[in-house]
Structures are given as structure tokens and as C-alpha cells.
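Input: a single structure, listed below in C-alpha cells.
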Amino acid sequence: MKRFLCGVMALLLLGMPMQAKAAAPPYGSMSRKDSGPMQLEQVRQQTETLQPLIAQAAQGTAAHNVKVYNYSDADDNGMYYLSESSGVIFAMDGHMVYIVTAAHCLKRIHTAVQLADGSWHDGSVGYLNPEKDVAFLLLPYQDLTAETRLAIMPAAGADAAALGKQPGDLLFAVSSAQAPNALVAAGILDSCSVVYPNNPNQRVLQFYSTVSYGSSGGGLYSQEGVLLGIVSGGDTYGICWAVPYGDILTEFQGWLASLTILAA
């Protein structure tokens, strides 16, 4: 099984024509009619006020968050193309570390990740579903040093609705585009389930925040540090969207089940 997993190829690095932006508004009371520069400024003011409340909670998630560095081979002019985004350690076992990120962040052929201790590792794309904007990267566990193994941990997650989260509840998103845990942005839950503007066939979490490019694939956490989903996109006025934890778990379990069948 270990050898088989290491050889799993990505479905196709097609990426996803989605907006990777994300910004942020107030306590779920804002009407969609209010979307605009005034709303964005209101989001900035309110999330700045809330920022001190998330500092301690964010520290508790540091072991989960990773930087994702996706890059191409050199073209005929010697130019490389790359993107820097975020990811979350979703699961670990004695053979593999499974990192979830947004599928639209994986448009190039090579991927490297930086873990919480600062160490860099080559990763392989084990699963990619552009329709759900979910992908999983694989790191062989045996390639990690003892120090690195102690520094990382899978995130504990749950659906926001199952936790009883309501509009107005405090959230935070972690961006690791510059380095693991480089930026933490306060957020406010607007809805546990809305139709995703980027994909009318998908329902996502909607929240207000000032997260931005590079946050895609990063963890969206409750104030208690529970993973609620991963950042997928946003508009320019502070409304952001995240793939819910339950959808991520369904994708993960379905993928592993298919690998088990193939391996058999």
C-alpha cells in the first residue's frame, strides 16, 4: 500500500479558473446590497478590532499549517512559473502525511511544501478535484526527521453547523504563502452553507475577512482552533468562501477507498 500510494499521480494539473482573493465584513448582519468599498472598510475595521482575540487560538494551530510552493519547469526562455499558497495537514499515519489544499493552487507540475519547523520537502499530488477545489498532497513519513515529526500534527476538524456555529461567530484564517503561519486574519461567519458563486453546483461556508491571495488552501478555524474548512476564494469587498470540512472529509475518504480497491 505504501509503495502504491507513493506512485499515485494527480488526475491532471488543470487548475481551476477561480478567484483566489478573499477579503472581509461584519457580524453577518450586512445585506448583500451593501457590498462595495464601504463594506470592505467596515470589514477591515471590525476584523482589526477582533484580531487580538484570535492570537492565542491561532498559536494552537501552528503545527497544522504549511506553505505550498507550486512551480513549473523552465520554459524556452529559462523562465519559471510558480504560485505560493497555503495548506493544512489533514491526516498522518506511519507511511504518509496528507496535506489538503485548494485544487486551483496546483497548476504547475512540481510541488514543494514548508512545514511548521521551517523544513522543506518535495510533495506529490495524490488527488485533485477541481470541481470541489480540493486536492491532497503526499509526503512520505519516513523522509521526515524526528524533529520535524514532533513539530507537525493533523488538524482536528468538524462542520461548522455540527458545532452549532451561528452567523456572527468569530473565525480566523491562516495564510502560509510567505511561510507557515505567516499571517492570521480574523473572520466572521456569515453562513454555514451558501451556493458558491464560483461553482453553482457547490455549497460552501461564507465568511467576512481580510484574507487575500496566498490564503487559498489555508485553514479556516473556529475560535477554539477547530478546522472548519479551507479557503477557496472571495470577492473584493470582504466576502470569502471556504470548502467545508465535511466535503473535504468525504473527498479524502472516497479517494482512500478507491486506492484500497485498486490495490486489492
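Which numbered condition trips up L150, out of (1) over 23 Å from G234 (Cα atoms); (2) open to solvent by 20 Å² or more (accessible area, probe 1.4 Å); (3) in a strand (DSSP E or B)?
So the condition that L150 fails would be (3).
For the range 240-264, give me each residue that is open to solvent by less than 40 Å² (accessible area, probe 1.4 Å) and either over 15 Å from V100 (Cβ atoms) or of a type in the set (A, V, I, L, M) (or both).
C240, W241, A242, V243, I248, L259
Give the residues of the range 215-239 that are small (G, A, S) and open to solvent by 10 Å² or more (accessible area, probe 1.4 Å), sorted by residue number. Spell out how you get there, then give the answer.
As a first pass, look at the range 215-239 and keep what is small (G, A, S): 215-219, 222, 225, 229, 232-234, 238.
Once the filter is applied, which keeps residues that are small (G, A, S) and open to solvent by 10 Å² or more (accessible area, probe 1.4 Å), the range 215-239 yields only G225.
Taking S176, is it in contact with a Lys or Arg (Cβ under 6 Å, 6 or more places away or on another chain) and surrounded by 16 or more Cβ atoms within 10 Å (Cβ to Cβ)? Steps first, please.
Numbers: in contact with a Lys or Arg (Cβ under 6 Å, 6 or more places away or on another chain): yes; surrounded by 16 or more Cβ atoms within 10 Å (Cβ to Cβ): yes.
Considered against the rule, which asks whether it is in contact with a Lys or Arg (Cβ under 6 Å, 6 or more places away or on another chain) and surrounded by 16 or more Cβ atoms within 10 Å (Cβ to Cβ), S176 comes out as yes.
Among the residues of the range 154-166, are any over 17 Å from G246 (Cα atoms) and open to solvent by less than 50 Å² (accessible area, probe 1.4 Å)?
No, there is no match, as no residue in the range 154-166 is over 17 Å from G246 (Cα atoms) and open to solvent by less than 50 Å² (accessible area, probe 1.4 Å).
Residues of the range 171-197 being aliphatic (A, V, I, L, M) and out of contact with any helix residue (DSSP H, G or I) (no Cβ under 6 Å at 6 or more places or on another chain), which ones?
Result: L171, A173, V174, A177, A179, A182, L183, A185, I188, L189, V194, V195.
Sort out which residues of the range 92-119 are of a type outside the set (G, A, S), more than 18 Å from V243 (Cβ to Cβ), in contact (Cβ under 8 Å) with a residue 40 or more places away in the chain and open to solvent by 20 Å² or more (accessible area, probe 1.4 Å), and write them in order of number.
Let us first name the residues in the range 92-119 that are of a type outside the set (G, A, S), namely 92-93, 95-101, 104-111, 113-115, 117.
From what is left, the residues that are more than 18 Å from V243 (Cβ to Cβ) are 92-93, 95-97, 108-111, 113-115, 117.
Going one step further and asking which of them are in contact (Cβ under 8 Å) with a residue 40 or more places away in the chain, we end up with 92-93, 95-97, 108-111, 113-115.
Listed by number, the residues that qualify are M92, D93, H95, R108, I109, H110, Q114.
Among what's in the range 44-62 and is crowded, with 18+ Cβ neighbours inside 10 Å and more than 21 Å from the chain's Cα centre (by Cα), pick the residue that is nearest to V174 (Cα to Cα).
Top of the filtered list is L50.
Determine if the range 182-201 includes at least one residue that is farther than 20 Å from L50 by Cα, surrounded by 17 or more Cβ atoms within 10 Å (Cβ to Cβ) and touching a Ser or Thr at 6+ places or on another chain (Cβ under 6 Å).
No: zero hits.
Based on this model, can you work out whether A162 counts as closer than 30 Å to V194 by Cα, at pLDDT 95 or above, of a type outside the set (D, E, K, R) and not in a strand (DSSP E or B)?
Yes, satisfied.
Could you tell me how many of the residues in the range 136-147 are open to solvent by less than 40 Å² (accessible area, probe 1.4 Å) and either in contact (Cβ under 8 Å) with a residue 60 or more places away in the chain or not hydrophobic (A, V, I, L, M, F, W, C) (or both)? Talk me through it step by step, then tell me what you get.
Taking the range 136-147 first, the residues open to solvent by less than 40 Å² (accessible area, probe 1.4 Å) are 136-140, 144.
Now restrict to residues that are either in contact (Cβ under 8 Å) with a residue 60 or more places away in the chain or not hydrophobic (A, V, I, L, M, F, W, C) (or both): 136-138, 140.
Adding up the residues that qualify gives 4.
If S85 passes every condition in (1) surrounded by fewer than 18 Cβ atoms within 10 Å (Cβ to Cβ); (2) small (G, A, S); (3) within 18 Å of the chain's Cα centre (by Cα) but one, which one does it miss?
Here S85 clears every test but (1).
Of these, N70, N65, N77, which one is out of contact with any helix residue (DSSP H, G or I) (no Cβ under 7 Å at 6 or more places or on another chain), surrounded by 13 or more Cβ atoms within 10 Å (Cβ to Cβ) and not hydroxyl-bearing (S, T, Y)?
Numbers: N70 fails: out of contact with any helix residue (DSSP H, G or I) (no Cβ under 7 Å at 6 or more places or on another chain); N77 fails: surrounded by 13 or more Cβ atoms within 10 Å (Cβ to Cβ).
So the residue among N70, N65, N77 that is out of contact with any helix residue (DSSP H, G or I) (no Cβ under 7 Å at 6 or more places or on another chain), surrounded by 13 or more Cβ atoms within 10 Å (Cβ to Cβ) and not hydroxyl-bearing (S, T, Y) is N65.
Out of the range 134-154, which residues are over 16 Å from Q253 (Cα atoms) and out of contact with any Asp or Glu (no Cβ under 9 Å at 6 or more places or on another chain)?
Within the range 134-154, the first condition is being over 16 Å from Q253 (Cα atoms), and the residues that meet it are 139-153.
Within the range 134-154, P140, Q142, L144, A146, R149, M153 meet the criteria.
The values are calculated or read from the model by the stated rules, or taken from the named source; none is laboratory data. Treat the numbers as computed from the prediction; the structure is a model and nothing was measured. For neighbour counting, all protein chains shown are included, and Cβ atoms are generated from backbone atoms with ideal geometry for every residue, glycine included. In case anyone asks, the SASA skips ligands and DNA or RNA and just uses the protein heavy atoms, side chains included. Shrake-Rupley method; radii C 1.70, N 1.55, O 1.52, S 1.80 Å.
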